[in-house]
Amino acid sequence: MEFKITERIKGNYSILAGWVIDGMGGPVQKNMVIEVKDGTLVSFHKRKPGNPDQKYDLDFSSGTILPGLVDCHVHLFMSGTNSRKIRQGQLLAPFDSIRHAISLHLRQQLKHGIVAVRDGGDYAGHALRYKNECLGESGLPIMVKSPGKAWRKAGRYGKLIGRPPRNRETLVEAVKRWKDQVDHIKIVNSGLNSLKEFGKETLPQFTKDQLMEVCSMARKAGLPVMVHANGIFPVKLAIEAGCDSIEHGFFMGNENLKLMAEKQIIWVPTAYTMKAYSQYLDPADREVDIAKKNLDHQLDQIRRAVQYGVPMAVGTDCGSLGVHHGAALMEEIRLLMTSLNLEKTIQCGTLNGAKLLGLEKDMGSLTTGRPATFVVSKEPPSDLLDKFWRPFRIFIKGRPWIDNS
């Protein structure tokens, strides 16, 4: 059956869905009728047999409806391009220049069904400024959460996404100065994941006590703490300090995975970064082999995380080489699907992400009483990952979003 849409979709309307994935990890539901009233989901029920002439405002009976997607780790100031000239320009661009790139990146996210993103910081706080000054005027109905700039130790990795505390200023004192201006706190507690030496670990940037002070202050301020950490010791300190999420977490090991499961700390694995490196770098470069080994190791950690019960959310680290805004999320989901079924994987990319961003009342699941924010794929669930590059329709709080660019 062809998809059909009537004009009466601005207020109250009915939807016939071939399949529904609700975002909560439960089984796919087939032949469902969804009722929307004033932008809110008010009813879900099975289509009654024996009434083929019943009319619906939106007929998606050959496709799948799922919640709007969430990317929990992006860098809005950077593109995934392999053009060195463009990348170097973006690394140091002033706001008046980079804001156009941020707008383009957010539009790319929306085109792929992503309705919320969590930024990981940039050297000048451009993404946070864009959110505050430009997002409302852009007309883009996407939620953006940003820490402004990340926090790092002086002389350590992270210059392009953050800054260190001032001289003689403690980490918690530095973070406290900015706490009223940001959506969450981003701390860098290790170096990069090496493409030169497989499994190389770096020392932590901050002590457990320093991290605990920040996490304690953040809880009182209602601010989540996301920590960039690779390797056993940097991850261990962040977990024990009480962070809300571990970003990347390459080579963190079994004990950290078990501890995350015990404390229910969310892991954002960003595994696709390594696949992208292996595809975009010179095939003759030794770094390609290291990237492939890193990916295999991370996928093994994901398998063990599932066994232990570690909560995971989807984050792409888009803006990294070959990791393009919007398109990368489905690639990350495919990698998670090597360890999870479709429903649980979609939960990682919807409800778990919404919870991490503090948006679970607004998006992330298809349940009555919640805003009607969802995407429509022309594919059945069996073909979703192979063919779902861009959704057929995107609805934000009950209204269809059409890209007019």
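The values are calculated or read from the model by the stated rules, or taken from the named source; none is laboratory data. Keep in mind the model is a prediction, meaning the values are calculated, not measured. As a convention, Cβ positions derive from the backbone with ideal geometry for all residues, glycine included, and neighbour counts pool all protein chains shown.
Here is how the numbers come out for the structure above:
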read-out: Residue that is nearest to Val188 (Cα to Cα) [pool: residues in the range 198-211 that are surrounded by fewer than 18 Cβ atoms within 10 Å (Cβ to Cβ) and among the hydrophobic types (A, V, I, L, M, F, W, C)]; value: Leu203
read-out: Odd one out for Val70 among (1) within 19 Å of Met363 (Cβ to Cβ); (2) without any contact (Cβ under 8 Å) to a residue 40 or more places away in the chain; (3) β-branched (Val, Ile, Thr); value: (2)
read-out: Failed item in (1) crowded, with 17+ Cβ neighbours inside 10 Å; (2) more than 23 Å from Asp119 (Cβ to Cβ), with Asp244 passing the rest; value: (2)
read-out: Those residues of the range 247-279 which are free of Cβ contacts under 8 Å to residues at least 40 places away in the same chain and crowded, with 23+ Cβ neighbours inside 10 Å, in sequence order; value: Asn256
read-out: Check on Thr373, outside the structural domain of His100 (by TED's automatic domain parsing) and either among the polar types (S, T, N, Q) or surrounded by 16 or more Cβ atoms within 10 Å (Cβ to Cβ) (or both); value: yes
read-out: Which numbered condition Met78 misses (of (1) at pLDDT 95 or above; (2) in contact with a strand residue (DSSP E or B) (Cβ under 8 Å, 6 or more places away or on another chain); (3) in the same structural domain as Phe395 (by TED's automatic domain parsing)); value: (3)
read-out: Subset of the range 370-405 (residues that are over 17 Å from Glu343 (Cβ atoms), outside any strand (DSSP E or B) and among the aromatic types (Phe, Trp, Tyr)); value: Trp389, Phe392, Trp401
read-out: Verdict on Leu223 being of a type in the set (A, V, I, L, M), surrounded by 15 or more Cβ atoms within 10 Å (Cβ to Cβ), at pLDDT below 95 and under 22 Å from the mean Cα position of the chain (by Cα); value: no
read-out: Residue that is out of contact with any Phe, Trp or Tyr (no Cβ under 6 Å at 6 or more places or on another chain), in a loop (DSSP other than H, G, I, E, B) and either charged (D, E, K, R) or modelled with pLDDT under 95 (or both), where the choices are Lys361, Lys355, Lys344; value: Lys361
read-out: Residue in the range 124-132 that is in the same structural domain as Tyr277 (by TED's automatic domain parsing), touching a helix residue (DSSP H, G or I) at 6+ places or on another chain (Cβ under 8 Å) and of a type in the set (S, T, N, Q) present; value: no
read-out: Any chance Lys111 is basic (Lys, Arg), within 30 Å of Asn31 (Cα to Cα) and under 21 Å from the mean Cα position of the chain (by Cα); value: yes
read-out: Test: residue in the range 172-190 that is in contact with a helix residue (DSSP H, G or I) (Cβ under 9 Å, 6 or more places away or on another chain) and farther than 23 Å from Ala218 by Cβ; value: no
read-out: Answer from Gly315, Gly322 - the residue that is modelled with pLDDT of 95 or more, of a type outside the set (A, V, I, L, M), out of contact with any strand residue (DSSP E or B) (no Cβ under 6 Å at 6 or more places or on another chain) and not in a helix (DSSP H, G or I); value: Gly322
read-out: Filter result for Asp244 (in contact with a Pro (Cβ under 8 Å, 6 or more places away or on another chain), under 25 Å from Gln347 (Cβ atoms) and not aromatic (Phe, Trp, Tyr)); value: yes
read-out: Test for Ile346: is it farther than 16 Å from Gln109 by Cα and either within 13 Å of the chain's Cα centre (by Cα) or assigned by TED's automatic domain parsing to the domain that holds Pro27 (or both); value: yes
read-out: Test: residue in the range 195-205 that is modelled with pLDDT of 95 or more, closer than 22 Å to Arg118 by Cβ and in contact with a His (Cβ under 7 Å, 6 or more places away or on another chain); value: no
read-out: Which numbered condition Ser320 fails, given (1) among the polar types (S, T, N, Q); (2) touching a residue at least 24 places away in the same chain (Cβ under 8 Å); (3) farther than 30 Å from Leu91 by Cβ; value: (3)
read-out: Any hit, the range 217-225, residues being in a loop (DSSP other than H, G, I, E, B) and in contact (Cβ under 8 Å) with a residue 40 or more places away in the chain; value: yes
